[in-house]
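Report on the following structure.
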Amino acid sequence: MPVFLLKRFATFLATLAAASVVVFVVLELLPGNAAELILGDTATPESLAALEARLGLDRPPLERYADWVGGLLRGETGSSTSYDTPTAELIAERLQVTLPLALLAMGLTVVLALALGLYAASHHNKLGDVGVMAASQLGIAIPNFWFAILLILLFAVHLQWVSAGGFPGWIDEDSGAFTATSLFEALKALVLPAIALALVQAAILARVTRSAVLEVMREDFVRTARAKGLTRRQALWRHVLRNAMIPVLTVAGLQFANLITGTIVVENVFVLPGVGRLVFQAISNRDLVVVRDVVMLLAGVVVLVNFVVDLLYAWVDPRLRVA
């Protein structure tokens, strides 16, 4: 087990290092000057030189890369050219919205997908199976931003149960403290975006769950368990589900990373001050310092999620630890 963990951790670090090189090369070394992009074609040579010195563009690329990576390792980041604030503060503030939104959406995805996938597999080739597969196909075909618009029209415009957008924050404005009321209001603002994100992901994961469960149910050990007197439901929960979790974990891990990195459109639809909206604003403002650090953060999240999924593999399937 220690060797398995060491190998996975080494792969995690190597992938993270390669991602940092790719991000730096794409945003720093490709043709074009970041200072010219920010100031525009009408900028004077003096203003260009001043901004290049401020951004460190007058130094060699390797020195700038080493300074950037070293700052990230020390917890020090550059300052945004638009907000004149360290990017770490901007990202940390926006993660207070994006991370809970992704966790809520992932929770809804797993619950819906496992329930629908197990139901469809246990009713294979019956009306319930056909209905779940048809609904999942519809969920895959419709983009999440369209679901978001439909949810706003139904629950915010017609029923008026929630607001159409915005985020009240986790702190109560009157008392200046975290309260049960502020928690409820914040979660209520995240429910519709989480549903819009979860519906598409749950449709995909439900189909994967159904296929994995059906494949395991055909194995000899399941027939042996049924021959010993276990009911179909008992065999499903005791033996089939855990053995079917490897492909489900793979897709679920990728989906969670996608929920973190792919919230740009949904956050803009619901006007949520999250990381996705921060990236959108940074691109509009040509704030490449923020874009670089956010992209590196999102790449790190994807790599970290894959590392956690590898550890979950070993927990679900002991054969991987022995190998």
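Quick look at the values:
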| quantity | calculated |
| --- | --- |
| Listed residues L114, L159, L312, most fluctuating in the chain (Gaussian network, C-alpha, under 10 Å) | L159 |
| Cα gyration tensor, region 5-156 - rounded (a/c under 1.5), prolate or oblate | prolate |
| Long-range HN-HN contacts of G274 with modeled amide H, under 5 Å | none |
| Accessible area per residue, Å², region 155-206 with all protein chains present, probe 1.4 Å | 53 |
| Length released on extending from V111 to L5, taking residue separation times 0.36 nm less the Cα-Cα span | 35.3 nm |
| Cα-based shape type of region 145-214, given that a ≥ b ≥ c are square roots of the gyration tensor eigenvalues and the cut on a/c is 1.5 | oblate |
| Potential extension, R238-I283 segment - 0.36 nm per residue separation minus Cα distance | 11.2 nm |
| At least 30 Å along the helix axis (C-alpha) and Kyte average at least 0.5, DSSP helices within the chain | 2-24, 87-122, 180-217, 288-316 |
| Per-pair calculated FRET efficiency, R0 = 22 Å: E89 and F178 via Cβ, rounded to 0.05 | 0.65 |
| Bins of 10 Å from zero: percent of alpha-carbon pairs in region 34-118 | 14, 28, 25, 16, 12, 5, 1 |
| Charge dipole of region 14-166 about the Cα centre (unit charges at C-beta), most positive-ward option of A43, L27, S122 | S122 |
| Solvent-accessible area, 1.4 Å probe, carbon plus sulfur percent, for region 12-151 | 68 |
| F221 paired with Q137, simple spin-label distance in nm, labels 7 Å along Cα-to-beta-carbon | 3.4 |
| Among L154, L73, L278, residue whose mean-square fluctuation peaks in a GNM of the chain (springs only between Cα atoms under 10 Å) | L73 |
| Sites T231 and L312 - FRET efficiency at Förster radius 41 Å, r taken between beta-carbons, to 0.05 | 0.90 |
| ³J(HN,Hα), Karplus 6.51/-1.76/1.60, whole Hz, each residue of region 160-167, x for Gly, Pro | 6, 7, 9, 6, 6, x, x, 9 |
| Hull-based mean projected area of the chain, where the convex hull spans the alpha carbons, in square nanometres | 22.7 |
| DSSP-loop trypsin sites (Lys or Arg not before Pro) across region 139-245, with at most 16 other Cβ within 10 angstrom | R218, K228 |
| Region 153-272 - Rg (one decimal) and Dmax (whole number), Cα, Å | 21.0, 65 |
| GNM flexibility winner over the chain from L95, L48, L304 (Cα, springs under 10 Å) | L48 |
| Theoretical ellipticity at 222 nm over the chain - DSSP helices of four or more residues, -39500 (n - 2.57) apiece, nearest 500 | -23500 deg cm²/dmol |
| Tensor-based shape of region 203-313 (alpha-carbon gyration tensor, a/c under 1.5 rounded, otherwise prolate or oblate) | prolate |
| Förster radius 22 Å - calculated FRET efficiency between W170 and L103 (Cβ-Cβ, nearest 0.05) | 0.95 |
| Solvent-accessible area per residue for region 36-102 (1.4 angstrom probe, square angstrom) | 60 |
| Selection from T224, T263, A244 lying farthest towards where the dipole of region 191-291 points positive, charges on Cβ | T224 |
| Region 162-294: relative contact order in percent, alpha carbon pairs under 8 Å with at least 6 residues between | 25 |
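The values are calculated or read from the model by the stated rules, or taken from the named source; none is laboratory data. Remember, predicted model here, so these are calculated numbers, not experimental data. When we count neighbours, we look across all protein chains shown, and the Cβ atoms used for this are built from the backbone with ideal geometry, even at glycine. SASA here: full protein model, heavy atoms, side chains in, ligands and nucleic acids out. Shrake-Rupley method; radii C 1.70, N 1.55, O 1.52, S 1.80 Å.
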